[in-house]
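A short write-up of the structure that comes next.
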């Protein structure tokens, strides 16, 4: 049997049914909580750590996508702490995703850039992880670890020289 | 079999995997949980560097461990148990354990742990045996009610099973195992009373160094750094004590070791642990002490990580930076 009760989000009361998550109720009522890995059809993976909200009673940061509602729950969706955590996590995510905007199909209409603007993210705070290229040459064999675009270019070059290339 | 759980409860035995949950209470929950089958798992993963008590126990008292598992099987009315062994323990002690199990005709299977520190965590352990992707799961539900194959599962450390066997035999004297290593004279595993302070342990075993030093208490990677004047306290978590020479230790080499260990040992599920750990490793390998970046990384690791590994990673780095490196800079 599903029970109906009220929960408090940012000082306002909202109707909730047991089994729902905080993110579902927030989205339903037009409260913005950012998320990247959440999809309503899938089980919450809780890996992007952007949909952080604060439980007012215990003041710990929890992910809204997996936080099941309980009667009398008090949730805050925006505070300096939350904004800071979201900002740093976005910066960490961006470091993996830099300098690809030019040839991206989304052509600057992407969610990441939108969030970056909102949370005042310095998108190049950390250098691109994929910039690191690892060459291991042994006899006529070449092993390399590099960004996929670069791999294609290098593979072409070495294929022209008829050398064996192992890609990773 | 009610007396068994009563006896364990009376002894006040706490789980020896680090979290210190009361063993008697845990067994009672599993006993009361409903399911068509129940499982018992002995965790001998021991991924923490600088802690080698489980290996010591498996080497010297495998009979006691198997006996402890047998008691658990009877107490919680289970008919299948696993011993989850680290790769080298599996190779070293697997043969002996199999022989003991075969002689006693017990339903215990051995399982070899996949590589990686995170695979010693109890929810990952369950998924490893199930053959699923090696990632931690959300708690609650705890494994005591929803565990291996969705059934109630009792997971205890090797040391806990050893002491359960001792309790039932009436030989328990409130002791625990301490692994001492680092720059000391006699690095070894010692069985000493629970309520000793770190200073007393070092003095009693004849390992108190005659130079200025600091220690890492708990484990060789997630343990907290303690200075010489902070040793009047009991040890928390795993009983590992690693002693470092204050002047001769290269702090960045040490931190690089930890960072590399975590970077290779985590599961790459959540952003702070996957990306943050990489960045931490990068910063430390360049010997930077950029306070703002470090502060930010520790903040997200502590507050927003998915599992307790991510939440605990920052402790050794933070304590070493605050207690020693920043002090020296000033």
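Can you tell me what share of the DSSP beta bridges in the protein assembly as shown is antiparallel? A percent to the nearest 5 is fine.
So the antiparallel bridges in the protein assembly as shown amount to around 55 percent.
Give me the percent relative contact order of chain B, please, defined on Cα pairs under 8 angstrom at least 6 residues apart.
18
Could you list B:16, B:264, B:274 in order of exposure, starting from the residue whose Cβ has the fewest other Cβ atoms within 10 Å?
B:264, B:274, B:16
Once you have the Cα-Cα distance between residue B:246 and residue B:29, take 0.36 nm times their residue separation minus that, and quote the gain in nm to one decimal.
73.5 nm
Is the C-alpha gyration tensor of the stretch B:231-330 telling us rounded, prolate or oblate? Criteria: a/c under 1.5 is rounded; beyond that, a/b larger than b/c is prolate, otherwise oblate.
Judged from the Cα gyration tensor, the stretch B:231-330 comes out oblate (a/c at least 1.5, b/c at or above a/b).
Would you mind getting me the FRET efficiency between residue B:233 and residue B:330? Use the beta-carbon distance for r and R0 = 35 Å, nearest 0.05.
0.85
What relative contact order, as a whole-number percentage, does the stretch B:2-168 give when Cα pairs under 8 Å and 6 or more residues apart are counted?
34
Between B:20, B:223, B:240, find the one with the highest GNM mean-square fluctuation for chain B; connect C-alpha pairs within less than 10 Å.
Sorting by GNM fluctuation, first place goes to B:20.
Given the DSSP H assignment, sum -39500 (n - 2.57) over each helix run of at least 4 residues in chain B and divide by its residue total; what's the result at 222 nm in deg cm²/dmol, nearest 500?
Roughly -14000 deg cm²/dmol at 222 nm, from the helical runs in chain B.
Taking the DSSP beta bridges in the stretch B:11-159 as the whole, what percent of them are antiparallel, to the nearest 5?
Counting DSSP beta bridges with both partners in the stretch B:11-159, the antiparallel share is about 5 percent.
Which whole-angstrom value gives the distance between the alpha carbon centres of the stretch B:193-269 and the stretch B:78-103?
Using only Cα atoms, the two centres lie 30 Å from each other.
Within a 10 angstrom radius of each residue's Cβ in B:270-280, how many Cβ atoms of other chains show up on average? Whole number is fine.
Other-chain Cβ atoms within 10 Å of each residue's Cβ, averaged: 5.
Can you tell me the orientation of helix B:291-304 relative to chain B, as the angle in degrees between its alpha-carbon axis and the longest Cα principal axis, to the nearest 10?
It is inclined by approximately 20 degrees.
How would you rank B:290, A:78, going from fewest to most other Cβ atoms within 10 Å of each one's own Cβ?
Final ranking by Cβ density, sparse to dense: B:290, A:78.
What's the exposure ranking of B:228, B:255, A:73, going from fewest to most Cβ atoms within 10 Å?
The most exposed by this proxy come first: B:228, A:73, B:255.
Based on the Kirkwood radius over alpha-carbon pairs, what value in µm²/s does the Stokes-Einstein equation return for the translational diffusion coefficient of the protein assembly as shown at 37 °C and 0.692 mPa s?
128
Calculate, for residue B:322 and residue B:185, the FRET efficiency according to 1/(1 + (r/R0)^6) with r their C-beta to C-beta distance and R0 22 Å; round to the nearest 0.05.
E between residue B:322 and residue B:185, to the nearest 0.05, is 0.15.
Hey, quick one: spin label on residue B:104, modelled 7 Å out along Cα-Cβ, who in the stretch B:74-97 has an amide N within reach, i.e. under 20 Å?
Under cut-off, by backbone N: B:74-86, B:89-97.
Expressed as an acute angle from 0 to 90° and rounded to the nearest 10, what is the orientation of the C-alpha long axis of helix B:158-169 relative to the principal long axis of chain B?
Computed tilt is about 50 degrees.
Nearest 10 degrees is fine. How inclined is helix B:271-285 to the longest principal axis of chain B, computing both from alpha carbons?
The two axes meet at around 40 degrees.
Rule-based calculations on the coordinates, nothing more; no lab input. This structure is a prediction, so every number in the text was calculated from the model and none was measured. All Cβ positions, even for glycine, are placed from backbone atoms using ideal geometry, and neighbour counts span all protein chains on display.
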